[in-house]
Every structure is written in structure tokens, then in C-alpha cells.
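See below for the structure under consideration.
No lab work stands behind these numbers, since they all come straight from the coordinates. What you see is a predicted model; the values in this text were computed from it and never measured. Cβ coordinates were reconstructed from backbone atoms using ideal geometry, including for glycine residues, and neighbour counts include every protein chain displayed.
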DNA sequence: ATCACCGGTGGGAGCGCTCCCACGGTACCT
DNA sequence: AGGTACCGTGGGAGCGCTCCCACCGGTGAT
């Protein structure tokens, strides 16, 4: 009636100690086996593994977290309301990459929305409690205090788009400059001469870089840059409409538009249609993101593709390195860890 | 140079013990204040709160979890691939309700996808480690082993739609029977006489209940139920097309269609259009879910609305009760805890 | 005056793990 | 033969908290 059967006494979950007893070894040895330490003989390892299997042992994460001072969890922080998260394919693609890369590990991913002030306060509290080993920060605006909070708390973090050229946090980004440049070079090669640009929000660094690419492509081809052809947008469809209307009023002779996002391009397209302009015959149109919008537009739209899923994967890589490096309190030289991935122009019939 | 300043020695986070010392009380008392126990005098409470503020004390969750055997986290388990999660507004609405209700508490929400076999194995491991206090289960099919695993592990769980009339888990559902019935009653009141029904997957209990509602509405109005007018679908657009084609072949005289989901209704509409039938003049159409599809369809479609956000809120309520009740190991009588929320018919021009 | 009671409090024990030091044994040197 | 090195191992200490029992002094009943 005493110690017998698969589970030990009182129906509770088995502990390290019980596994050790069963395998006839000490606690330390079981711990080493569980954590994959190489300093265990094969025979002992086998015995421990057998005991683990027999008892159905599963480590107690809370105890481990307390003793080892880590949580085995990382947070993906989205500083936006849920709504935008679901509306934009960007996040779902990124999540896919992150999830894929993380499934190789024992790490748990937490998805945290911090759109409202209230949510942000909760998040600050959460981070102060060190409930995650690291943080992935996506879609951060230039003046966001979150990155500073993270470095202050000494929590490893990776940001999905640098806030500026002087970004101090490790970051992963796509080549916005190259993307903007290739879009314009493509339009030039199609014979377009008066190419307008609807920009994204200019407090987003990536949007600025696309403008830089636009400019340089024109200059490199020996054209002048006409500031009248550059109209700021805000990444929304309505913003795209407004910008397009403005551009047409100013330069009715334009023969191409490069929009800083597909959504804005969709807005621009509506205005072009309403004005009776044909795409691409009268005005060629190129978007950015290569989202479902681009594929399903009438006509299907040329767009710059960013490898978002790959970006997610690389962010995890960086973050895990960051976490591993910080463990033995190395405080090593803060070498710049910034990854930039290439974009690709997907050509369709709108240009 | 010794103990001084806001933070205590060695830059580490302050502990309960340090707060106690600062406030001139014992550890137990600080714990009581932190956890809101009433058995503390006002003066003592104030002193402790001051010390907490001065030191910037934040409880160590790992230590708490270990000592108290709880995690203060619950999981929202989605047994679908990420893709479907993002594609269907159902999940985003549910998440909104869940998040809203949970923000009142200290609980952390974990979003876990378990679409692939691999992910499901990881989830099983995760649950076995008791890393959450409770589980919210959405979109579960009749033969899913997850609910049984949860009861076996004695983890509190709430399911978003009962698997059958004999569901043992606490559940929250909308009134599928009433929804189906109201759709048909509406069509009858519009003068329709030959009303077809495209059902959802019949291994989903809610889909069955909608059929029951369809039947009873007809019977109650003194009509007979013609089995030829009931055609199974599978919740997809293509399934809706197939079902509609089949129905038209069998009963070209039908004058109304009630589809078990908006997506299937969209498929049915395409077929009706192709056959040159006008909506609602020749055939009236009613969908289910009141999704964006219904609002944006041409013509805008009458549809049965489910209060999904509210369902999310109620699920959290139930789960928290469940967790609280289980704490002192009461093992009380398993009274049925099943919530059913009313649906609402949203009338538009398709009927 | 004596006792039972109760609100308020302090602090020991212990949750299950990791970390690390110490120990015995073998192998290889001198 | 003695010394040194290192591998594999056992187990003490301690992570920061909660739980619970013991204790203290003040009340009201006897």
C-alpha cells in the first residue's frame, strides 16, 4: 500500500527528488540530465530517463524560474490596439515567423497588446516584475518610451524597425531604402518620367528611408527631384486618397505613382479611377508590402515585398543570443547588432 | 556607503523581507498587505505601502507561484492554425471580450495555437506542467481529445460551444436554436413558403441546433419539413456553392435560403447570381454571424448576430469562478454551468 | 480576579528547483 | 610510490514567497 504504482504518494506531481530516489541517484544528477548537461555518464543518464518516463515527471517551471532566475518566456509587444493587429497582415506574418523559430526551443511566447494608456501601465508593471526573459518590439514610433524603459530594466529586447539611424537596440529591418529605390528604377525603366511619391508617416524611420530611395533613384538616373511630387500620407487608405487628390491638382501631368504602402495605393487608385485615369496606361502605380490588397487589386498591383516572416525569425535569433549573452553578466562591448534584409519587387500589371 | 538609497544592496530587486525591515514589521504582514488581506490595521497597512513605494517593490511571481501553487495565468487555446485565427473575425472579437474582462484582474492571458500535431504535443506537455491556472477552449470539434485531457489533469476549463447536449465542461454559447428559428420565422413573415437550409458542419453541435431551430420554426407555423430542402455544407464558401447548386437542381421552386454562416451564404449568392435569380425578389437570403461579409454584400444581407465579445467576457467569468472554487479543493457538486446568450436578427435588404 | 476569545502580528517551515562545493575514484604523470 | 588532474556524482544552501501556528494584549463574560 506504500510506494508503488506510476505516481508516487498523494496524487501530486512527482518531484526531482522522487525521480532521483527511483533512479537511485542524487538530485543534482537528475537536474543535469533534465537540463542536458554533458557531464553525466551514459548509464546514469539512461537510468534517470527511465525513471522520468515511469513517473511521468514534468519539471516545475515555477521552482526552476525561482532558483535559476529566468522565466523561459519572451513577450511580443504590440504597441497598437488589437484591432490594428488583426487588420494588418504584417503582424500575422511576423507572428508566423516568430512562432516557427521559437518552436525549436522551450521558450514560451506571450502576445501583449499595449494600445491604450492603461494597457501600457500594466505592461510597465509586468516588465518591472521581470516576468519575461526578453522582449520583441514591433511597430514602434520614434517617441515611444518603451525602448528606454527596457534598457533601464536591463531586459534584452529586439526592435523590428530601428527608430533612427542611431538606433542603439538590436534591430531587424528590411531594406526600405533599396525597396524605394527599386520601385522608382522600375518605373523609370517602364518609361515613366513624372513619378510622384505618397510617403508613409514620416515619424516612422522606414518611411523616411523609402523617400531617400525614391530621391536617389531619380538622381542616379539624371533626373531632378521635384518636391511637388512628394506628398506625405499616413499609411491609411483615406490618407492615400487625400494625397492623390493633392498630387493630381498640383501636377496633372504625372505619369506614375509610388505609394509607401499598398493600403495607401488602394486609396490612390480610387481617386485615379474617379478621375477617369487608366492604370497603367495613363498612370502607373506601385505599392509597398505586397499584401493581399496588391494581389487582388484590379489591375493586380506591382509592389515591394518585405520578407516579414523571415524578419520574425531573425528577431528571435537576435533576442535569444542577447539573452544567452546576458546570462553570465558579461556586459560585453555593445557591438551593433542590426540586421537588414533585402526586399523584392513583385511586378504585376499596374506598371 | 552601506544600506541607503531607494534600492537596497547589490542592485537586485527588493524582496518582501527588505520591505518588512523598512516598514518595521514582519514578513507575514507585508504579504498580507500585498495580497489585500483585511486582517491588517490601517496604520500598519499605510506603513507597508509607503515602504513598498519607496523601494519600488514588485512581487516575484516565480516565488509566489512556487509557494502558492498557482501561476496567475490562463491560456486561450485555439485548435486551429494561425492563419484561420487571423482570417476569422470570430477570434478577434472573442479576444477583445476576453481581454477586456481580464484586464480587471491580475491574470495574464496566453494565446496558444494548436493547429498542427506538433503544436498539440507541445500543448499537452505545457498543460501537464500546469503552467496555467485555467484554459479557455474555442472552436472545438466533437472528437477533440483536448477537453478530456484537461479534465484528467484537473485543470479548470471553459469551452466556447458545447460539444453536445451532454457537455460536462462549463460552457458559453449563443442560442443557435433560437437564431435558426428567428431566421426562418423572419422569412416566413416575409411571405416565403419554400425555405431551404444550408447547414454547417454537422459535427459542430451549434450547426445541429440551427437546423433544429429551422425545423421547429416551420412546424410551429404549420408547415411540413421537406428533407430535400436541407443540404449539408461545411462552413466554406465553396461548400455553400455546392449546396446551393444541389438545392436548385432539386427544388427550382424554392423562394428563400437560410445559410448556416455568412461565408456559405456568399457562396450561395454567387450561384443564385449565375442562375440569373434576383435577391431578394426571386430568392430571399439570410446568413449567420453578421460578419463584415454580410454588411458588404451586394445586396447587404440579413444575418443572425451572435454576441461574441460578450461570450468572451462570460467565458472569463465562468473560468475565474471555476478556478476560485477549485482552490480549497472543494470538489463540489458539479452543477451545470452553461451560459447561453441570445442572438439577434439583423435585417437588411437580402430578405 | 479569572478565563475564553479574537484581532493583529511575527516568523518557522517548506514549495521544487539550480548552483556550487566537496568528495571518491580512476588515469596519467613524475 | 606519491602527486596531480579531472570526471562523475551527492547533497547543502538558498531563491522569495505563502501558509499556518503561536503569541500578545485588550475585551467582555463569568
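For the protein assembly as shown, the antiparallel share of DSSP beta bridges with both residues in that region comes to about 10%. How much FRET efficiency would the formula 1/(1 + (r/R0)^6) give for residue B:298 and residue A:151, where r is the Cβ-Cβ distance and R0 is 56 Å, rounded to 0.05? Efficiency, from the Cβ-Cβ distance: 0.60.
Arrange the peptides B:287-297, B:174-184 so that the one whose residues have, on average, the most other Cβ atoms within 10 Å appears first.
Result, highest mean Cβ count within 10 Å first: B:174-184, B:287-297.
Quote the convex hull volume per residue of the protein assembly as shown, based on C-alpha atoms, as a whole number of Å³.
226
Take the Cα of residue B:189, step 7 Å toward its Cβ, do the same at residue A:129, and the gap between the two points is 5.0 nm. Among A:172, B:25, the order by Cβ neighbours within 10 angstrom, fewest to most, reads B:25, A:172. Across peptide B:129-142, the mean count of Cβ atoms from other chains lying within 10 Å of each residue's own Cβ comes to 1.
Note that chain B shows a convex hull volume over its alpha carbon atoms of 177 Å³ per residue.
The mean number of Cβ atoms from other chains found within 10 Å of a Cβ in peptide B:59-65 is 6, as a whole number.
For a test of the definition: using alpha carbon positions, the gyration tensor, and the 1.5 limit on a/c, classify the stretch A:176-305 as rounded, prolate or oblate.
Here the stretch A:176-305 falls in the rounded category.
Across the alpha-carbon atoms of the stretch A:160-248, the computed radius of gyration and Dmax are 13.7, 41 angstrom. Put in line by how crowded their Cβ is, counting other Cβ atoms within 10 Å and starting with the fewest, B:278, B:348 read B:278, B:348. A convex hull fitted around the alpha carbon atoms of the stretch A:9-59 yields 64 Å³ per residue. Measuring r between the beta carbons of residue B:165 and residue B:346 and using R0 = 35 Å, the FRET efficiency lands at 0.80.
If the segment from residue B:68 to residue B:275 were pulled out straight at 0.36 nm per residue, it would be longer than the present Cα-Cα gap by 67.9 nm.
Going from the fewest other Cβ atoms within 10 Å to the most, the residues A:203, B:117 appear in the order B:117, A:203. Counting only DSSP H runs of at least 4 residues, each contributing -39500 (n - 2.57), and dividing by the residue count of chain A, the helix-based mean residue ellipticity at 222 nm comes to -13500 deg cm²/dmol.
Legend: P(r) of the stretch A:105-209 from all alpha carbon pair distances, 10 Å bins from 0, whole percents, reading 12, 37, 26, 15, 8, 2. Per-residue shielding of B:74-85, expressed as the average number of other chain Cβ atoms within 10 Å of the residue Cβ, stands at 1. Placing a label point 7 Å from the Cα of residue B:43 along the Cα-to-Cβ line, the residues of the stretch B:11-36 whose backbone N sits under 16 Å from it are B:23-26.
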